[in-house]
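For reference, the structure discussed in these notes is given below.
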Amino acid sequence: MTPDDLPAARRVSFAAFLVGDGLPRRVGEPEPEPPDEDGVRRWIAKMGHLLAADPAGCLVAEEDGEMAGCAISQNRGGLWYLSVFAVRPGLQGRGVGKRLMDAVLAHADGRPGMLSATAHPGATRRYRLAGFTLHPMMRMVGRVDRSRLPAIDGLRDGRPGDLAWMDELDERLRGAGHGPDHVHLRENAPLIVSDDPGRRPGYVYLDEVWDRPMLLAAGDPETAGRLLWEALARTKGETIVNRITVANHWAVDVGLAARLDIRQQGYLVLRGMSDPAPYLAETHFL
Ligand SMILES: CC(C)(COP(=O)(O)OP(=O)(O)OC[C@H]1O[C@@H](n2cnc3c(N)ncnc32)[C@H](O)[C@@H]1OP(=O)(O)O)[C@@H](O)C(=O)NCCC(=O)NCCS
């Protein structure tokens, strides 16, 4: 993949994900929507960041000179993760995905790995056949009942000087720091940290566009809960707490206390590592 491929990769990926994301939909849930211009710009900036950070993990498949599929993966220290895996809807189920997967796994070179999967049967089949374990995920959705918000102290806005200890925390929880991904996230999203000496450390980023918490890591469930409450306090309308695995029921408990509802999501897909906790992964940076 080169930077010139990003617009086509975006088109292929959104077309594939409109199908994949719609699959676990329940009665009453809205249909996934195509992105607006801002969404397109943000996707290209985010993937451009990954392409610059570890280009060898980013690959495209072509047929008759047109992009048939793409996979964007990254090595960070001893961890490999997969951000994007998509094949054009009319070309799925013919082995293009397997060839892309084999290629990005060669880049992983045996590292432990993680990715956040839709419930698309082609995707889950591909991951399990490649030796990954599928951890079912929940999400909490709804509007926070503001009368339930507890008073939270000891938190502050994150600064560039926090990224070093945040990487150490990531390393304990998932085997590697986010490194350049923290730099990209901090430039684009508010960051709240807990570094009170009397407590375990932790951080959470806020997704202001979608009005929800995004990536959260903490030294214990108590700090994780305080960070999630603070993130929920800053939401304005309908919100979602995404990617809650079985090991992260602390987030279900906070969500229930805030009067959010439990829904099902896809899978956190892992190999060579256990389900990180207390931790809420981010969709593309894991
Ligand atoms: C996941 C995806 C990239 C795989 O690409 P692909 O070219 O279809 O993959 P392959 O054909 O190599 O392998 C898919 C496997 O699942 C099967 N499969 C594909 N689509 C399927 C479907 N809709 N239902 C059931 N099985 C399906 C294929 O037969 C194949 O199995 P086999 O090799 O044992 O025959 C592609 O299906 C896709 O873009 N899906 C939508 C987006 C998505 O969910 N991406 C993953 C996000 S984590």
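Does any residue of region 74-83 turn out to be among the small types (Gly, Ala, Ser), assigned by TED's automatic domain parsing to the domain that holds Ala52 and either under 24 Å from Phe14 (Cα atoms) or crowded, with 17+ Cβ neighbours inside 10 Å (or both)?
There is at least one residue in region 74-83 that is among the small types (Gly, Ala, Ser), assigned by TED's automatic domain parsing to the domain that holds Ala52 and either under 24 Å from Phe14 (Cα atoms) or crowded, with 17+ Cβ neighbours inside 10 Å (or both).
So that you can scan it fast, the table gives a plain yes or no per residue for (1) more than 25 Å from Pro55 (Cβ to Cβ); (2) in contact with an Asp or Glu (Cβ under 7 Å, 6 or more places away or on another chain):
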position	(1), (2)
Val144	yes, no
Leu173	yes, no
His184	no, no
Leu191	yes, yes
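For Gly225, all conditions in the list (1) touching a strand residue (DSSP E or B) at 6+ places or on another chain (Cβ under 7 Å); (2) away from the ligand (no atom under 16 Å from the Cβ); (3) closer than 19 Å to Met140 by Cβ hold save one; what is the number of the exception?
Among (1) touching a strand residue (DSSP E or B) at 6+ places or on another chain (Cβ under 7 Å); (2) away from the ligand (no atom under 16 Å from the Cβ); (3) closer than 19 Å to Met140 by Cβ, Gly225 violates only (1).
Only residues in region 24-51 that are outside the structural domain of Arg243 (by TED's automatic domain parsing) count as the first member; pair them with residues that are at pLDDT below 65 and surrounded by 14 or more Cβ atoms within 10 Å (Cβ to Cβ), Cβ under 6 angstrom, at least 6 apart or cross-chain, and list the lot.
Note: pairs meeting the criteria are Pro32/Asp21; Pro32/Gly22.
If a residue has to be touching a residue at least 60 places away in the same chain (Cβ under 8 Å), on the phi < 0 side of the Ramachandran plot and over 18 Å from the mean Cα position of the chain (by Cα) to count, how many in region 147-171 make the cut?
The number of residues fulfilling the criteria is 5.
For region 82-98, how many residues are in contact with a Gly (Cβ under 9 Å, 6 or more places away or on another chain) and near the ligand (Cβ under 7 Å from one of its atoms)?
8
Hey, does region 267-276 have a residue that's farther than 11 Å from Met114 by Cα and either in contact (Cβ under 8 Å) with a residue 60 or more places away in the chain or in contact with a helix residue (DSSP H, G or I) (Cβ under 9 Å, 6 or more places away or on another chain) (or both)?
Filtering region 267-276 down to residues farther than 11 Å from Met114 by Cα leaves none.
No, region 267-276 has no match at all.
Can you tell me how many residues in region 101-128 are near the ligand (Cβ under 8 Å from one of its atoms) and touching a Lys or Arg at 6+ places or on another chain (Cβ under 8 Å)?
The qualifying residues number 3.
The values are calculated or read from the model by the stated rules, or taken from the named source; none is laboratory data. Not measured: the values here are computed from a predicted model. Quick reminder, even Gly has a Cβ in these numbers, built from the backbone with ideal geometry, and neighbours come from all protein chains shown.
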